[in-house]
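See structure below.
The values are calculated or read from the model by the stated rules, or taken from the named source; none is laboratory data. If you're wondering where the values come from, they're calculated on a predicted model, not measured in any experiment. With ideal geometry, Cβ positions are generated from the backbone for all residues, glycine too; neighbour counts draw on all protein chains shown. Keep in mind that these areas ignore ligands, DNA and RNA; they rest on the heavy atoms of the full protein, side chains included. Shrake-Rupley method; radii C 1.70, N 1.55, O 1.52, S 1.80 Å.
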Amino acid sequence: MTNPPPPKSLTGPPTGPRAADPGSVRPAVGEPKGAARKGVPPAVRPDPRQSDGRFPVAWLHISAPKGAVPTATSRCMCGRDRSAVGHRRVLALIADHTAHHDTCPLRTPQEGRHAA
C-alpha cells in the first residue's frame, strides 16, 4: 500500500486571532464617500437631451393580439377619450383619431376673441 501525497499547502490553519487589514474596512451603507463627506457640492451637469419644444398631445393605442379581438383607445390633452372594440370599430376610431388631428383646439390656432 502507498501513502497519500503530501498536502499542497505547507502552512496550517490560523491558530490565533489576527488584526484586521485597515484597507479592507468599508464605510457603512449610505455613508457619503470622498468629497461628499467633506461638504463639497456635487457637480451639476446640464441636461444632455435638448428639447425642440414639441411634446405629444394625442395618443392612439391599438392592441391586436393574434387570434383575439382588437381594441383601441384614442386620448387627447383637450379631453377627448374614446375607445373601440372589434375590427370595424377600431378602423373607424383610427380614422376619427386622424381627423381629430386637424380639428383639435390645442393644435389649431385660435382666432378672434377666443385667442386671448
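Is one or more of the residues making up the stretch 59-66 open to solvent by 60 Å² or more (accessible area, probe 1.4 Å) and more than 28 Å from the chain's Cα centre (by Cα)?
no
From the list Ala92, Ala72, exactly one residue is surrounded by 11 or more Cβ atoms within 10 Å (Cβ to Cβ), part of a strand (DSSP E or B) and modelled with pLDDT of 95 or more. Which is it? Steps first, please.
Working: Ala92 fails: part of a strand (DSSP E or B).
None of the others qualify; the one that does is Ala72.
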